[in-house]
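Undergrad: I have a structure here, written as structure tokens, and I will follow up with some questions on it.
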Amino acid sequence: MDKLVIEGGNPLSGTIRIHGAKNAALPILAASLLAQDTVTIRNVPHLLDIDVMLDILRDLGCSARYADRSVVVDSSLASSSHIPESLMRQMRSSVFLTGPLLARFGEVQLYQPGGCAIGERKIDLHLRGLAALGAEIQEKGSLIVCRARELRGTEVILDFPSVGATENIMMAAVLAKGRTTIVGAAREPEIQDLQAFLNHLGAKVRGAGTDTITVDGVTELHGGDFAVIPDRIVSGTVMVAAAATRGDVTIEGVQPAHLTSLIHVLRRAGVQIEVGSDIMAIRAAARTKAVERVVTSPYPAFPTDLQAQVMTLLALSDGVSLMKETVFEGRFKHVEELCRMGADIRVDLNNAFIRGVPQLYGTSVEATDLRAGAALVIAGLAAQGRTTVEQVHHIDRGYERIEEMFRQLGGDIRRESNKTLEAYHAR
Ligand code: UD1
């Protein structure tokens, strides 16, 4: 298994460009199944989750080629609507294929993705939305079979603005008969990107970015050429790392509007941030200050995917901060690891009380999930001494060679035994 070895203490500095958004690329790849012609998708990051999604598309009969961060998908020969259980277990996001497969074949077989390191992660909202569009859903143990002779537009009300459920329902509705209105939709930028992609292929979707999305069904989608947005969570991770190491970093090709809530929190902590149209400069000359209360919530509020990283910064900030997690129930696994590095954090249900310490100390820690892993890398970069982060495969799901990204900014970080992606390809 790979591990990252970090010699802490170097303030990060320099300029960096951020790769494309995993959470935009995954549903867009799934949506390419809806098109009759070849689709080219650019700015697709080279990540484990993307490889799994491409394998699933191939398993369904599509041709999917990946080179130079571009994917060319031809789904004209897709012949199966059965998402293999082994691949579904490897990546929860394979659930995104439900809407497109149902729209295309009138049937889809998938498996309950099950819980994961950060919580229960049910898919009831996805299935209820598809049922509202006319799908008949049968659950046989962990196997789920959805069938619909015809999908019909209707009003779908989401009790919670689930990102994945919003995307699945949008994709199923694109080829449905008539108008679908999703009320209580999630508003994340990745949903706006999916809308832009679908419309580029000839769909009629509007409202993404608001809580009401309207889809007027069309009979078919054509091919196209589309580039996904930059990854706001990777950008946010670099911003927090710059602040935690008291560095001076410029991020290019970023969309600052997607990071408003983080910018607000970092400024409250005393970080200087200059914002241009697609560029941001982050500077922290002195120790940051505690932030009284940070609460994760669906976009545009503070993202759960940056909770762990910001907790590392607050662990080093002067004073007492509260971090409240309201999106996932099990997302504080990094706390124990941060405390092993000298942090003073106490958890009570979904609240973490953080008493800032002047210094973290390097030791051996374990990445329990993707963002928790990123938080530990930031801690290692800021800590005194050597930190070893184990279980790097979690981090590789969402960061393209995180060690190279931080090395480019002057971090002393290296990977030992670089086998994760190679091993996956060699199977
Ligand atoms: C997406 C992101 C993930 C991010 C999350 C919240 C992708 C690939 N992943 O995940 O990085 O952390 O949004 O911003 O885009 N829920 C239900 N029933 C459902 C669906 C969700 O109860 O049918 C619950 C979940 O258990 C969770 C909450 O809703 O507690 C949020 O989940 P959701 O917004 O669906 O997240 P994902 O789409 O899985």
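The values are calculated or read from the model by the stated rules, or taken from the named source; none is laboratory data. Given the structure is predicted, the values throughout are model-derived calculations rather than measurements. Neighbour counts are summed over all protein chains in view; Cβ atoms, including those assigned to glycine, are modelled from backbone coordinates with ideal geometry. Ligands, DNA and RNA are stripped out before the accessible areas are found, and what is left, the full protein with its side chains, is counted by its heavy atoms. Shrake-Rupley method; radii C 1.70, N 1.55, O 1.52, S 1.80 Å.
Undergrad: Find the percent of Cα-Cα distances in the stretch 91-187 that exceed 19 Å, and round it to a whole number.
TA: The proportion of pairs with Cα distances above 19 Å equals 35 percent.
Undergrad: Per-residue HN-Hα couplings for the stretch 43-57, Karplus 6.51 cos²θ - 1.76 cosθ + 1.60 at θ = phi - 60°, whole Hz, x for Gly and Pro?
TA: Whole-Hz 3J(HN,Hα) from phi for the stretch 43-57: 6, 8, x, 8, 10, 4, 4, 5, 4, 5, 4, 5, 4, 5, 4.
Undergrad: Taking 22 Å as R0, compute the FRET efficiency from the Cβ-Cβ separation of Arg42 and Glu252 and round it to 0.05.
TA: Once rounded, the FRET efficiency stands at 0.80.
Undergrad: Provide the solvent-accessible area of Ile157, counting protein heavy atoms only and rolling a 1.4 Å probe, rounded to the nearest 10 Å².
TA: Probe radius 1.4 Å; accessible area of Ile157 about 110 Å².
Undergrad: Express in % the proportion of alpha carbon pairs of the stretch 286-341 at distances exceeding 15 Å.
TA: Values: 733 of 1540 pairs.
So the portion of pairs separated by more than 15 Å is 48 percent.
Undergrad: Compute the separation of the alpha-carbon centres of the stretch 120-148 and the stretch 305-364 and state it in Å as a whole number.
TA: First find each Cα centre; the distance between them is then 37 Å.
Undergrad: Near the amide H of Ile144, under 5 Å away, which other amide H atoms are found, from residues 5 or more places off or on another chain, if H is placed in the peptide plane?
TA: Leu110, Tyr111, Gln112
Undergrad: Let me ask something else about it. Taking only protein heavy atoms and a 1.4 Å probe, what accessible area per residue, in Å², does the stretch 298-417 have with all protein chains in place?
TA: 36
Undergrad: With everything on Cα atoms, drop me the angle between helix 232-244 and the longest principal axis of the chain, reported from 0 to 90° to the nearest 10.
TA: 0
Undergrad: Pop out the ³J(HN,Hα) list for the stretch 297-305 in order, Karplus 6.51 cos²θ - 1.76 cosθ + 1.60 with θ = phi - 60°, rounded to Hz; leave Gly and Pro as x.
TA: My calculation for the stretch 297-305 gives 6, x, 3, x, 6, 5, x, 4, 6 Hz in order.
Undergrad: Can you list which of the GluC sites (Glu not before Pro) found in the stretch 125-212 are DSSP loop residues with at most 11 other C-beta atoms within 10 Å?
TA: Taking the stretch 125-212 and a limit of 11 other Cβ atoms within 10 Å, the loop GluC sites (Glu not before Pro) found are Glu150.
Undergrad: Count the DSSP beta bridges whose two residues both fall in the chain, then state the antiparallel fraction as a percent rounded to the nearest 5.
TA: 70
Undergrad: While we're on this one: Could you check the spin-label model distance between Asp278 and Asp318? Points 7 Å from the Cα along Cα→Cβ, value in nm.
TA: Once both label points are built, they end up 3.9 nm from each other.
Undergrad: Here's a follow-up. How large is the accessible surface per residue of the stretch 22-227, computed with a 1.4 Å probe and reported in Å² as a whole number?
TA: On a per-residue basis, 37 Å².
Undergrad: Here's a follow-up. Modelling each spin label as a point 7 Å along the Cα-to-Cβ direction, I'd like the Thr212/Ser417 distance in nm, to one decimal.
TA: So the label points at Thr212 and Ser417 sit 5.7 nm apart.
Undergrad: What percent does the relative contact order of the stretch 22-227 come to when contacts are Cα pairs within less than 8 Å and at least six residues apart? Each step should come with its number before you reach the end.
TA: Values: 453 pairs, mean separation 42.8, N = 206.
Relative contact order for the stretch 22-227 comes out at 21 percent.
Undergrad: Okay, moving on. As I understand it, the dipole of the stretch 1-110 uses +1 on the Cβ of Lys and Arg and -1 on the Cβ of Asp and Glu, about the Cα centre. Which of Pro27, Ala78, Pro11 lies farthest toward its positive end?
TA: It is Pro11.
Undergrad: Moving on to the next point. Test of understanding: express the Cα radius of gyration of the chain as a ratio to 2.2 N^0.38 Å, with N the residue count.
TA: 0.97
Undergrad: Could you compute the FRET efficiency for Thr326 and Leu87, with r as their C-beta to C-beta distance and R0 at 41 Å, rounded to 0.05? Spell out each step's value before the answer.
TA: Details: r = 31 Å, r/R0 = 0.75.
My answer for the efficiency is 0.85.
Undergrad: While we're here: Show me the trypsin sites (Lys or Arg not before Pro) within the stretch 109-168 that DSSP assigns to loop and that have at most 11 other Cβ atoms within 10 Å of their Cβ.
TA: Details: sites: Arg121, Lys122, Arg128, Lys140, Arg147, Arg149, Arg152; in loops: Arg121, Lys122, Arg149.
Sparse-neighbourhood loop trypsin sites (Lys or Arg not before Pro): Arg149.
Undergrad: On to the next question. Helix 22-31 versus the longest principal axis of the chain: what angle, 0 to 90°, nearest 10, using Cα atoms?
TA: 10
Undergrad: Pairing the Cα long axis of helix 163-173 with the longest principal axis of the chain, what angle in degrees results, from 0 to 90 and rounded to the nearest 10?
TA: Once rounded, one gets 20 degrees.
Undergrad: What is the packing order of peptides 403-413, 19-29, taking the mean over residues of other C-beta atoms within 10 Å and listing the highest first?
TA: Highest mean packing first, the order is 19-29, 403-413.
Undergrad: Could I ask something else about it? Taking every pair of alpha-carbon atoms in the stretch 22-227, give the share separated by more than 20 Å as a whole percent.
TA: Values: 10700 of 21115 pairs.
So the pairs more than 20 Å apart make up 51 percent of the total in the stretch 22-227.
Undergrad: Tell me the carbon and sulfur percent of the accessible area for the chain, rounded to whole percent, probe radius 1.4 Å.
TA: Using a 1.4 Å probe with all protein chains present, the chain comes out at 46 percent carbon and sulfur.
Undergrad: Express the relative contact order of the chain as a whole percentage, based on alpha carbon pairs under 8 Å and six or more residues apart in sequence.
TA: Normalised by residue count, the contact order of the chain is 21 percent.
Undergrad: Which translational diffusion coefficient, to the nearest whole µm²/s, is obtained for the stretch 253-319 from the Stokes-Einstein equation, given a Kirkwood hydrodynamic radius over C-alpha pairs, 37 °C and 0.692 mPa s?
TA: 264
Undergrad: Each residue of the stretch 4-16 in turn: what ³J(HN,Hα) in whole Hz from Karplus with 6.51, -1.76, 1.60 and θ = phi - 60°, glycine and Pro shown as x?
TA: Ordered by residue, 3J(HN,Hα) equals 9, 10, 10, 9, x, x, 7, x, 6, 8, x, 10, 9 Hz.
Undergrad: 222 nm [θ] for the chain, helices only, -39500 (n - 2.57) per DSSP H run of 4+, per residue, to 500?
TA: -9000 deg cm²/dmol
Undergrad: Using 7 Å Cα-to-Cβ label points, what is the Arg267/Ile157 separation (nm, one decimal)?
TA: Modelled inter-label distance: 3.7 nm.
Undergrad: Further, regarding this structure: At a probe size of 1.4 Å, how large is the accessible area of Arg355, to the nearest 10 Å²?
TA: 140
Undergrad: Place the peptides 334-342, 77-85, 256-264 in order of packing, highest mean first, counting for every residue the other Cβ atoms within 10 Å and averaging per peptide.
TA: The densest-packed peptide leads the list: 334-342, 256-264, 77-85.
Undergrad: Would you mind calculating the gained length between Glu120 and Thr219 on full extension (0.36 nm times residue separation, minus the Cα-Cα distance), in nm to one decimal?
TA: Between Glu120 and Thr219, full extension yields an extra 32.0 nm.
Undergrad: Taking the square root of 5 times each eigenvalue of the Cα gyration tensor, what semi-axes in Å does the equivalent ellipsoid of the stretch 230-272 have, largest first? Before the final figure, lay out the partial values.
TA: Working: eigenvalues 50, 31, 13 Å².
Rounded to whole Å, the semi-axes are 16, 12, 8.
Undergrad: Moving on. Order Asp248, Asp55, Asp68, most accessible first, counting only protein heavy atoms with a 1.4 angstrom probe.
TA: Ranked from most to least accessible, the order is Asp68, Asp248, Asp55.
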